[in-house]
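Heads up: the structure comes next, in structure tokens.
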Amino acid sequence: MPKPVRNSIVLYHSTDLDGKACGVIGHEYLSRKGVMPHPVGWNYDTDLREKKLLQVGGFEKIIIGDLSFTEHTRDQLEWLCGQAERVLWFDHHEVSIPLSQNLPASNIQACVQTDRCGAYLMYQGLFPGEVVPQTLVLIDDYDRWVHNFPESRALNAAIAAAGDFNVGSANGPGDQLRRAIFRQSVVETCQSLETLIKLTNVGAEELKKQADLNRKLCRRLLFRGALRLKDTAIPCLGIVLSHPCNSDLFDGYDQETLLVPACFDGNRWHYSLYSRDPEALHVGKLALAMGGGGHPGAAGFTSKEFLFVDTVKVEPSN
């Protein structure tokens, strides 16, 4: 009699390339193990206990990638541990370190390090002994703001521009990223590199389009002001858009240390925080205080409130 297929969850950060790569890696790992993987994307915008699929429980594994947990969200991580026999948590956010050293349950194993991105750590943990693919080297380079490889920006732009990202799909950007990561033979290695080259070429063209669009947006939408965080207001350069964007939008503006693009999804405001000087202004700590998280130089959180104050429109830099 065939062995019943067990269900498992891949829980990943849904809004950046590192998190999406975690979703792809976890899905591939479980599929190879003969386990039915169910991908769940999350962006800290809801309580995890509200996710209907997670409420089912009885999972063999829950694999978590590129998501930070702190004492503020310890109860959610503890709840996840109760929904599965085993939980594997891979993360690289500094704010996760304290909780990773004081885990809420005995069935969770954590790999939290700040020297690699989440997808890089997950690949090393799930596929030990294998050479980490060049795709993940580029993702690590972009996600941690190392910027040793110009191709890393292009790869990020290509996946972001490719449309809706579905982990486990047979086509689309999710499948493109899977093919760019995984290699089981010499032929497939060549195919994965070919996929990666195509993606970075597409991304380079997309970056040119973004640069043109950014210049137009700056002429109309960029403002100086302050971001109100609890009892303080921090001077910033900001912009409000209909979609998320990265810090490239602010190239050429050097006066403010804090850069804040924001967008509204119809229910909550999504704020991205970028610091030009992470040692002087650690935006990960600012975001943590607002219920979010991130790195010293890049972080984010969501809020029901519009938090910009004292805004004044500025002209674009030449």
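The single condition among (1) over 21 Å from D47 (Cβ atoms); (2) more than 16 Å from the chain's Cα centre (by Cα) that H72 does not meet is (1). Cβ separations smaller than 8 Å between residues 6+ apart or across chains give the following pairs from region 31-47 residues that are farther than 27 Å from D265 by Cβ to residues that are of a type in the set (A, V, I, L, M) and at pLDDT below 90: G34/V5; V35/V5; M36/V5. Scanning region 126-156 for residues being buried (at least 17 other Cβ atoms within 10 Å of the Cβ) and under 15 Å from E28 (Cα atoms) gives a total of 3.
Where helices (runs of 4 or more DSSP H) sit wholly within region 17-116, those with at least 3 residues that are at pLDDT 95 or above and either of a type in the set (K, R) or surrounded by 14 or more Cβ atoms within 10 Å (Cβ to Cβ) (or both) occupy 17-32, 74-81. Being among the hydroxyl-bearing types (S, T, Y), at pLDDT 95 or above and outside any helix (DSSP H, G or I) is the filter here; which residues of region 117-169 pass it? If the condition is that a residue be among the hydroxyl-bearing types (S, T, Y), at pLDDT 95 or above and outside any helix (DSSP H, G or I), then no residue fits. Select from region 278-290 the residues that are more than 16 Å from the chain's Cα centre (by Cα) and under 18 Å from F264 (Cβ atoms) and list them in ascending order. Selection gives M290 alone.
The values are calculated or read from the model by the stated rules, or taken from the named source; none is laboratory data. Since the structure is predicted, the reported quantities are computational estimates derived from the model, not experimental observations. Virtual Cβ from ideal backbone geometry, glycine too; neighbours counted across all protein chains shown.
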